[in-house]
Amino acid sequence: IILVSVVLFFAAIGVMLLRDWVVKLLELVRVPFSRKSLCELAHLALGSLDVLKRVDLHLWLQFLSLAMWLIGVVINVFVFRAMDLQLPWISAFLLLAVLMVGGIVPSSPGKIGVFQYLCILTLGLFGVDKSVGLTYGILLYLVAYGTPVICGIVVLWLGGMNLRRITSEPASQ
């Protein structure tokens, strides 16, 4: 994964530096199902790479990404403590990485089952029993997925939204 990430990063840098050449090359291709040329679509897509030109914004995004990963690790450690599991910090990092990579695997909606199985396997590396690993997976799932859902419902409720209002109002076009 690291190797692919590095290759894709340098490919993005290369495309960014050779943007004009890529766009001119794509001017030759017409897309039959779109009114826009492939060149116009590529120009829009390549605009997303402009973030790499702004060092301040790039560093800020890197900081936010690191902060999100650290929050995930801290949540793992808190759930370890809640279940009275005495595991090293590396287990929280490894579990987060496994769950992030495991999220790529197609599964049931909400990743139910895969999430818990990955917790069982990862914690098993540190000598945690399967039943405790499953309990941990269920608890972490409730924390990771339940908290945003509850916060979203509360924010909608505070904003004056309810199920009756959502279903009765026509969708705005």
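The values are calculated or read from the model by the stated rules, or taken from the named source; none is laboratory data. The structure displayed is predicted, hence computed values, not measured ones. Surface accessibility is based on the protein's heavy atoms, side chains included, excluding ligands, DNA and RNA. Shrake-Rupley method; radii C 1.70, N 1.55, O 1.52, S 1.80 Å.
Quick notes on this structure:
- For region 129-138, 3J(HN,Hα) per residue [Karplus equation, 6.51 cos²θ - 1.76 cosθ + 1.60, θ = phi - 60°, Hz, x = Gly/Pro]: 4, 4, 5, 5, x, 5, 4, 4, x, 5
- In the chain, the DSSP-assigned H stretches of four residues or longer account for a calculated mean residue ellipticity at 222 nm of -21000 deg cm²/dmol, using -39500 (n - 2.57) per stretch and the full residue count as denominator.
- Values [x] 10.6; [y] 11.5; [z] 15.8 are given for comparison; mean projected area of the Cα convex hull in nm², derived from the coordinates here, is the one labelled [z].
- Carbon-plus-sulfur accessible fraction, the chain (probe radius 1.4 Å, protein heavy atoms only): 73%.
- Probe 1.4 Å, accessible area per residue of the chain, Å²: 73 Å²
- Over region 79-173 - Rg/Rh using Cα atoms and the Kirkwood inverse-distance radius: 1.14
- Estimated at 0.36 nm per residue, the fully extended path between LEU125 and PHE78 surpasses their Cα-Cα distance by 15.0 nm.
- Residue by residue, region 82-94 carries 3J(HN,Hα) couplings of 4, 9, 6, 9, 9, 10, x, 4, 4, 5, 5, 5, 5 Hz when phi is fed to the Karplus relation 6.51 cos²θ - 1.76 cosθ + 1.60 (θ = phi - 60°); x denotes Gly or Pro.
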